[in-house]
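The values are calculated or read from the model by the stated rules, or taken from the named source; none is laboratory data. Worth saying up front: this structure is predicted, and the values here are computed from it rather than measured. Note that each Cβ is placed from the backbone with ideal geometry, even for glycine, and that neighbours are counted across all protein chains shown. Calculation scope for accessible area: heavy atoms of the full protein, side chains included, ligands and nucleic acids excluded. Shrake-Rupley method; radii C 1.70, N 1.55, O 1.52, S 1.80 Å.
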Amino acid sequence: MSRAIAEEGLGKEKLTRLRFYVQDMVGGESPTVWKVAQSNITGILPSAFGLVSVLDNLVTSGPEMESVEVGRIQGIIGLSDFHEKALVMLVNLVFTKGEYNGSTLSILGRNSLDADVREAPIVGGTAHANAFGADISLGDGDY
């Protein structure tokens with residue numbers, strides 16, 4: 001693939017590593033995650049299977065809420081495993097500040113809430129200046 005890019009005169013591929021923190025507010029005075037549907041067995045199973053939520057979470061450069069804003073995670077998540085708390089995610093990371101302001105990453109896939117390291121499959125996105133790859137980890141959320 002990189003040979004084809006170089007042969008087309010587009011230059012070398014560039015790998016960019018990003019680290020950021022998703023600020024989930026599931027309850028409290030200003031929640032950013034809202035339940036919109038559940039199945040008739042959601043309350044019976046420990047995995048909360050069937051719970052569907054929409055979200056618009058702040059993304060920051062550090063773990064503290066007061067850290068510099070990087071963007072927003074917006075989309076739909078659902079608990080889709082009978083046996084463990086695992087999300088199916090359809091979300092977009094929208095960069096709102098900094099070098100990637102206006103760019104997006106589209107995330108679609110499974111996210112086990114009990115995993116020590118949580119990774120998200122990036123399936124697409126947009127870039128204003130140049131395309132970039134990403135290596136991201138999501139913090140812990142309790143849905």
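Among the residues making up region 37-47, those that are of a type outside the set (S, T, Y) and crowded, with 16+ Cβ neighbours inside 10 Å are Q38, L45. For the criterion of being part of a loop (DSSP other than H, G, I, E, B) and either modelled with pLDDT of 95 or more or farther than 17 Å from R19 by Cβ (or both), N92 fails. Of the residues in region 33-40, at least one is touching a Phe, Trp or Tyr at 6+ places or on another chain (Cβ under 8 Å) and more than 18 Å from A127 (Cβ to Cβ). If the condition is being without any contact (Cβ under 8 Å) to a residue 24 or more places away in the chain and either open to solvent by 30 Å² or more (accessible area, probe 1.4 Å) or not basic (K, R) (or both), then region 100-124 contributes T104, S106, L108, G109, A115, D116, V117, E119, P121, I122, V123, G124. For region 48-69, the count of residues that are in contact with an Asp or Glu (Cβ under 9 Å, 6 or more places away or on another chain), more than 22 Å from L18 (Cα to Cα) and open to solvent by less than 60 Å² (accessible area, probe 1.4 Å) is nonzero. Under the condition of being touching a residue at least 12 places away in the same chain (Cβ under 8 Å) and acidic (D, E), the residues counted in region 19-63 number 2. For region 70-88, which residues satisfy the criterion of being surrounded by fewer than 19 Cβ atoms within 10 Å (Cβ to Cβ) and over 15 Å from the mean Cα position of the chain (by Cα)? The answer is S80, D81, F82, H83, E84.
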